[in-house]
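The next block holds one structure in the form of structure tokens; read it before the comments.
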Amino acid sequence: MNGQPDPSSKLPFVLVAIGVLSVLSISLALRIFSQRSEGDAFFVSPEYQNYQTSLASQRMRRQVVEEFVTATVNCLTSPMVPGQSLIEEELDGRVARALDKLSGSDESGDAACRKSRAWTFSPPCQLTIESAAFGLGSAHKLGDITLCVSTITANLHAHAGPCASSANFKTCLVQSILADETVRRAVDDTGVGTPRTQ
């Protein structure tokens, strides 16, 4: 041996040093970000809190509308079947009857048509969300949603044919109603300002 140190023996030390520096730089960056988000006026501002509350309200409103539309489709007096041809007046009568059952004005005892704790429907167009069903106090209002019988009927009529080839006919009908622009605007309109669309 000529007395010179082997360069490969320093490699593990260099790798360990690089690893330690990487860990230190990542933890420092995370600490700085954490301190910034805690102390940043944006994250504690009333505007940001209102924005978060608005998003939560919209999610709850969407959930209620989906539950309502699903219950309506499941509660139709004569269930729709794929390939069935109905005129809009027939559908209108079925939807109106389903909504009577769901609103509690019909005491037929149909298990598929139980009244929900989360909402009440007042024909022809008012879906009222019960904040207490979500554990919210009376100070937090989710608002009413304008969702008319005619909108549900028109969507059922328009999508019965296209949904006939779907693997789940009823789910397809529900999703078609929820995708309707009028329904989406009604969900997003919290009653404050103009309706928001995404």
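Quick look at the values:
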item: Count of segment 151-181 residues which are in a helix (DSSP H, G or I) and surrounded by fewer than 14 Cβ atoms within 10 Å (Cβ to Cβ); result: 5
item: Check on residue 71, under 27 Å from the mean Cα position of the chain (by Cα), closer than 30 Å to residue 159 by Cα and at pLDDT below 70; result: no
item: Test: residue in segment 85-93 that is among the hydrophobic types (A, V, I, L, M, F, W, C) and at pLDDT 80 or above; result: yes
item: Residue within segment 54-61 that is at pLDDT below 85, outside any helix (DSSP H, G or I) and loosely packed, with under 13 Cβ neighbours inside 10 Å present; result: no
item: Test for residue 138: is it modelled with pLDDT of 80 or more and assigned to a loop (DSSP other than H, G, I, E, B); result: no
item: Checklist (1) under 21 Å from residue 179 (Cβ atoms); (2) modelled with pLDDT of 80 or more; (3) part of a loop (DSSP other than H, G, I, E, B) applied to residue 99, failing item; result: (3)
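Every residue, every condition in (1) assigned to a loop (DSSP other than H, G, I, E, B); (2) farther than 22 Å from residue 168 by Cα; (3) of a type outside the set (A, V, I, L, M, F, W, C); (4) in the same structural domain as residue 182 (by TED's automatic domain parsing), yes or no:
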site	(1), (2), (3), (4)
49	no, yes, yes, no
66	no, no, yes, yes
76	yes, no, no, yes
90	no, yes, yes, yes
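The values are calculated or read from the model by the stated rules, or taken from the named source; none is laboratory data. Keep in mind the model is a prediction, meaning the values are calculated, not measured. Note that we place each Cβ from the backbone using ideal geometry, even for glycine, and neighbour counts take in every protein chain shown.
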